[in-house]
1. Restricted to region 300-328, and to residues that are of a type in the set (Phe, Trp, Tyr) and modelled with pLDDT of 95 or more, which residue is nearest to Asn83 (Cα to Cα)?
2. Which members of region 647-673 meet the condition of being in a loop (DSSP other than H, G, I, E, B) and modelled with pLDDT of 95 or more?
3. Taking only pairs six or more apart or across chains, which ones have beta-carbon atoms under 9 Å, a first residue in region 80-98 that is more than 24 Å from Pro237 (Cβ to Cβ), and a second residue that is surrounded by fewer than 21 Cβ atoms within 10 Å (Cβ to Cβ) and at pLDDT below 65?
4. Restricting attention to region 537-544, does a residue exist that is hydroxyl-bearing (Ser, Thr, Tyr) and in a helix (DSSP H, G or I)?
5. Considering only strands (runs of 3 or more DSSP E) fully contained in region 352-448, which possess at least 2 residues that are in the same structural domain as Phe507 (by TED's automatic domain parsing)?
6. Kindly list the number of the only condition in (1) assigned to a helix (DSSP H, G or I); (2) of a type in the set (Val, Ile, Thr); (3) within 15 Å of Ala633 (Cβ to Cβ) that fails for Thr579.
7. Restricted to region 301-341, and to residues that are acidic (Asp, Glu) and assigned to a helix (DSSP H, G or I), which residue is surrounded by the fewest Cβ atoms within 10 Å (Cβ to Cβ)?
8. Output the number of residues of region 240-267 satisfying the condition of being outside any helix (DSSP H, G or I), in contact (Cβ under 8 Å) with a residue 12 or more places away in the chain and under 32 Å from the mean Cα position of the chain (by Cα).
Amino acid sequence: MSSNNSPRETRMSRNADRTPGPKRPHTGWRTFRRILYVIVAIGVFAILAGAGLFFFYAQSAPKITQSALSSDASTRIYDANGNVISRMGAQNRTYVKAKHIPATLAAAVVSTEDRRFYKNNGVDPIRIVGAAFANFTGSSLGMQGGSTLTQQLVKLSVFSTAASDRTLKRKAQEAWLALKVDHKYSKAEILEYYINKVYMGNGVYGMQTAAQYYYGTTLTHLSLAQLALLAGMPQAPTRYDPTTYPALAKKRRDLVLDSMVETKVITSAQASQAKATSITSGLVKTHKSTSTGVKNTKVIDAYLKQVYTELKSKGYNTTTGGLKVYTNLDMSAQKKLYSIVNSENYVSFPSKKFQVGSTIVNPNNGQVVAMIGGRKTGNVTFGLNRAVQTDRSSASTAKPLMDYGPAIEYLNYPTYEPVKDTAFTYPGTTKNLYDWDRQYQGTITMRKALYESRNIPAIRTLQNVGISKATTFLKGLGMTFDKTLTLQNGIGLYISTEQEAAAYAAFANGGTYYKPYLVSKVVTQDGKAHNYSSQGKRAMSAATAFMLTDMMKDVMTNENGSGRSAAISGLYQAGKTGTDSYPDDYADKVPDGATMDSWFTGYTKNYAVSVWTGYDKQFQTGHYVSETETKIAQEIYKYEMTYLASKKVNSDWTQPSTVTKTTVNNNTEYYVTGHPGTVSDATTTDSTSMSQYGSTNTTSSSAYSSNNQVTTSSSSARASSSTTESSTSKESSSTEQTPSGNGNDDNTTTDSSSAKNTTQDDNASSGN
């Protein structure tokens with residue numbers, strides 16, 4: 001038998017040998033599958049990690065009680081002793097039970113805030129996705145956020161509403177508590193708590209209270225249009241206030257009606273009829289008082305207003321936060337200050353329109369312990385707070401801040417530095433500067449120039465210092481300005497009593513600036529405490545602070561001091577006056593010596609008190625501060641400081657080692673250790689006689705003669721009676737020296753070509 005196969009069999013055999021095995025998958029599909037596995041794995045891991053993180057956060061969630069859900073979310077304000085002084089919204093709530101809540105209102109709230117309210121378990125993933133999509137597409141569902149109505153209730157009841165607290169942890173805890181609330185309470189109860197919890201504007205909480213406030217009746221007597229408005233207000237109660245913003249309120253109401261149609265709780269015809277109703281229909285003209293009922297409200301009005309401003313700046317919502325706010329308010333000091341400015345028992349005020357702004361600061365920590373924003377304000381609450389207004393010139397109280405402080409700090413001026421009180425014209429202008437008495441005293445000491453509040457030496461000193469360094473010094477005291485400062489600002493800065501009290505406090509404590517603050521601690525509804533304080537920053541040397549203080553003691557004690565009305569026998573204190581006169585083109589409309597503003601800022605080691613007095617409309621007929629009335633600021637300070645000092649140890653300032661005591665013309669003086677000599681004057685001057693305007697005070701000028709002997713352990717100061725001055729200024733920049741309208745009210749300035757051709761920016765001041 002032949003072993004050879006047939007040709008057909010041979011071919012079949014060869015083909016069989018070549019037959020491939022199972023077809024391998026395509027490489028691209030294999031790669032895709034692997035990527036899909038990775039994505040699924042990552043997704044599963046992310047879900048597990050997210051769940052783990054969620055339950056981790058949930059474990060530390062605060063407890064939530066029925067009382068927390070049903071009680072008000074009022075903000076409580078405490079004084080420094082822990083006593084409640086104000087409750088925002090606490091006494092302006094009328095609670096309504098579920099059985100008295102109109103079904104129409106309940107339907108409106110659910111349609112607006114949480115359409116799946118009756119289907120979800122407190123947290124609604126479908127709602128979150130739906131709201132995101134609606135917000136993207138612009139549908140009416142976008143009026144709802146991702147939080148359910150239950151979550152909103154939890155947030156209002158337990159958590160802080162501060163923007164800074166909107167964290168992943170907080171949202172997780174919020175969701176967890178919402179699940180628990182939904183499990184424990186019925187939907188009717190949850191809706192009841194929510195309707196009574198929400199803020200409705202104007203100090204009103206809860207929709208029943210809102211019905212009484214806006215319409216003068218209960219919820220059961222309101223129309224569909226009125227209920228729809230109330231249901232839509234909680235998202236932005238101020239914005240949707242029908243009495244203030246009727247157009248916005250109508251738009252919001254109509255959106256609620258549209259939402260109710262979409263959820264089929266009303267018909268299109270009912271919605272159209274309600275939309276045709278005027279938004280002001282049924283509104284009462286006179287509202288019930290929203291007062292907290294705290295009897296001290298008027299006394300602390302300005303302080304409270306500033307507290308709320310401070311809280312807002314920190315991100316807190318005082319209307320819905322349920323906060324406990326602890327302040328630095330010394331209630332006894334506040335009551336005393338209120339009594340001084342609102343009664344006739346201490347100071348004789350010329351009229352009820354005569355106004356006061358004052359701030360008291362603790363120099364050792366920056367705490368604002370008292371504040372008055374006005375007097376005889378009637379029933380106005382949270383009105384103009386004159387203690388923090390910055391549209392009035394601080395007059396000569398600016399001199400230690402911008403002139404003499406920087407001179408000691410940067411140029412090592414001694415207290416006996418010779419300064420020239422001679423004719424002066426602002427460089428690059430024809431504007432002449434005068435002192436309050438329109439006289440020149442020649443060369444005098446810096447100390448004398450300060451306690452007599454003479455303008456020309458102050459500006460010459462600022463020239464020598466330079467605007468740049470003076471601005472740096474002010475910045476260290478918490479003062480920044482939109483416009484470049486000029487020479488004229490050396491005798492008038494646009495700052496508030498709060499700023500000035502804090503700045504002078506740095507003199508009191510030896511050179512450290514503390515930013516003033518009113519709120520010391522905030523406790524949110526979840527029990528979390530946030531503590532606040534001011535971190536002190538070195539603003540000047542101890543030598544500068546001490547020497548300024550020693551010179552400013554003379555403001556009240558020297559027989560020629562400008563602040564003798566503020567003197568308190570036996571008390572170690574220092575301070576500075578400031579009066580701001582009318583511009584030349586208005587001066588003939590007021591009596592001689594009349595001013596627009598009068599200031600006094602003084603301090604001890606324990607308190608710094610700044611007082612502004614004047615009229616809100618200073619150019620209105622009769623609204624001037626007479627020469628006698630300029631002392632009122634000093635008197636207010638005197639009575640308040642007398643009270644404050646009685647509570648503290650009266651101690652004098654200690655001379656630092658960086659300061660050396662000496663004797664000049666039998667007067668005690670000081671200089672920065674190592675710098676006993678005086679500094680060369682580089683200011684410009686008018687070449688005319690010193691008696692260009694009025695008579696020269698030869699007696700005063702001779703008090704610092706060319707032969708003054710300075711007795712020190714190391715050296716003597718050089719003679720400095722020369723009246724010769726440099727023709728150029730160290731600060732010649734026109735940008736800095738040209739009047740900007742930002743602070744020149746405290747100078748006596750006259751255009752040499754026309755004494756009456758001046759603006760308010762170039763006005764005259766008594767300079768005291």
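1. Restricting attention to region 300-328, the residues satisfying the condition of being of a type in the set (Phe, Trp, Tyr) are 303, 308, 316, 326.
If we keep only those that are modelled with pLDDT of 95 or more too, we end up with 303, 326.
Values: Tyr303: 15, Tyr326: 9 Å.
So, considering only residues that are of a type in the set (Phe, Trp, Tyr) and modelled with pLDDT of 95 or more, the one nearest to Asn83 (Cα to Cα) is Tyr326.
2. Of the residues in region 647-673, the ones in a loop (DSSP other than H, G, I, E, B) are 647-658, 665-666, 673.
Lys648, Val649, Asn650, Ser651, Asp652, Trp653, Thr654, Gln655, Pro656, Ser657, Thr658, Thr673 - these are the residues of region 647-673 that are in a loop (DSSP other than H, G, I, E, B) and modelled with pLDDT of 95 or more.
3. Val84/Val294; Ile85/Val294
4. Step one: filter region 537-544 for residues hydroxyl-bearing (Ser, Thr, Tyr), giving 541, 544.
Next cut, in a helix (DSSP H, G or I) only: 544.
Checked against the condition, which is being hydroxyl-bearing (Ser, Thr, Tyr) and in a helix (DSSP H, G or I), region 537-544 yields at least one hit.
5. Correct list: 418-421, 431-434, 442-445.
6. Among (1) assigned to a helix (DSSP H, G or I); (2) of a type in the set (Val, Ile, Thr); (3) within 15 Å of Ala633 (Cβ to Cβ), the lone unmet condition for Thr579 is (1).
7. At the first step, the residues of region 301-341 found to be acidic (Asp, Glu) are 301, 310, 330.
Next cut, assigned to a helix (DSSP H, G or I) only: 301, 310.
Details: Asp301: 22, Glu310: 19.
My answer is Glu310.
8. Step one: filter region 240-267 for residues outside any helix (DSSP H, G or I), giving 240-245, 263-267.
Cutting the leftovers down to in contact (Cβ under 8 Å) with a residue 12 or more places away in the chain gives us 240-243, 263, 265-266.
Remaining after also requiring under 32 Å from the mean Cα position of the chain (by Cα): 240-243.
Adding up the residues that qualify gives 4.
The values are calculated or read from the model by the stated rules, or taken from the named source; none is laboratory data. From a predicted model like this one, the values you see are computed outputs, not experimental measurements. Positions of Cβ are backbone-derived with ideal geometry, glycine not excepted, and every protein chain shown enters the neighbour counts.
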